[in-house]
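Quick notes on the structure that follows.
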Ligand SMILES: Cc1cc2nc3c(=O)[nH]c(=O)nc-3n(C[C@H](O)[C@H](O)[C@H](O)COP(=O)(O)O)c2cc1C
């Protein structure tokens, strides 16, 4: 069972040390995450895990692509508009980032893919519905919580999937799967960028209760 403390204490780390995650630990994290609920137990996710030299090659290719100004794209297209409520939360996040004394290094660590020693790429079927995305999100969050339980930090990041070619060059990902999201995993260094911690809206901004 996931303890409440893992939920409330987890936050994204964006600069990892070179320390590798033991394969046993990765296996345990990914096995536990498979307990995620899904539509009729469809378990619509697949995971491709880059570690060691593979993760290093992907990080280097990514840094080169960013440096060369290679145009990025993603296999799952983000929305043109987010809707009023999420858009206002994003605006708050951007303002927080600008004002936070630890926020200025976020961009450069994105460019280095956070030096993540392990990167989990989550795919879904190419024509997947929003319900499969919901299920895959539960799986991804399960990975983050199962990692936190084992002292491993994580970052789910769009940045990780912006150059799908660098990922497909390393794995045999079938054409009928789309790379939905990447999660960087590792051990955080004690650095300012890892002290960027976000808040959340209050319960009454989110939920209505009625009896
Ligand atoms: C789908 C998704 C995409 C994200 N993409 C990025 C990204 O590209 N770069 C980044 O630094 N953080 C990224 N994040 C991390 C969010 O900014 C972070 O989860 C959010 O601000 C809440 O902070 P916390 O994870 O520290 O609680 C992403 C998170 C999600 C769920």
Per the C-alpha gyration tensor (a ≥ b ≥ c, the square roots of its eigenvalues), the stretch 29-72 is rounded if a/c is under 1.5, else prolate if a/b beats b/c, else oblate; here it's oblate
Stretch residue 68-residue 133 to full length: gain in nm at 0.36 nm per residue minus the Cα-Cα span? 20.2 nm
FRET efficiency (residue 168, residue 82; Cβ distance; R0 30 Å; to 0.05) is 0.60
What do you get for Rg/Rh over the stretch 1-86 if you use C-alpha atoms and the Kirkwood form of Rh? 1.01
Taking the beta-carbon count within 10 Å as an exposure proxy, list 64, 10, 200 from fewest neighbours to most. 200, 64, 10
Largest-first semi-axes in Å of the equivalent ellipsoid built from the Cα gyration tensor of the stretch 113-211 are 26, 22, 12
Checked the stretch 2-44 against the a/c 1.5 cut and the a/b vs b/c comparison, axes a ≥ b ≥ c from its Cα gyration tensor; verdict oblate
Pairs of alpha carbons in the stretch 132-172 whose separation is greater than 17 Å (percent): 50 percent
FRET efficiency for residue 158 and residue 93, using Cβ-Cβ distance with R0 set to 22 Å, rounded to 0.05: 0.95
Could you give the length gained by full extension between residue 5 and residue 125, i.e. 0.36 nm per residue of separation minus their alpha carbon distance, to one decimal place? 39.9 nm
Quick note, the chain: a/c under 1.5 would make it rounded; otherwise a/b > b/c is prolate and the rest oblate (a ≥ b ≥ c, C-alpha gyration tensor); here it is rounded
Cα-based Rg (one decimal) and Dmax (whole number) for the stretch 57-170, in Å? 15.6, 42
Report the calculated FRET efficiency for residue 203 and residue 176 (r = Cβ-Cβ distance, R0 = 45 Å), to the nearest 0.05. 0.65
Where does each of 62, 11 land when they are ranked from fewest to most other beta-carbon atoms within 10 angstrom? 11, 62
Pair-distance profile P(r), taking every C-alpha pair of the stretch 75-116, with 10 angstrom steps and integer %: 24, 34, 39, 3
The stretch 82-102 and the stretch 137-163: distance between their alpha carbon centers, rounded to Å: 21 Å
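Each value in this text was obtained by applying a stated rule to the coordinates, not by laboratory testing. Please read all numbers here as calculations on a predicted model, not as lab measurements. Using ideal geometry, Cβ is built from the backbone for each residue, glycine included, and neighbour counts are taken over all protein chains shown.
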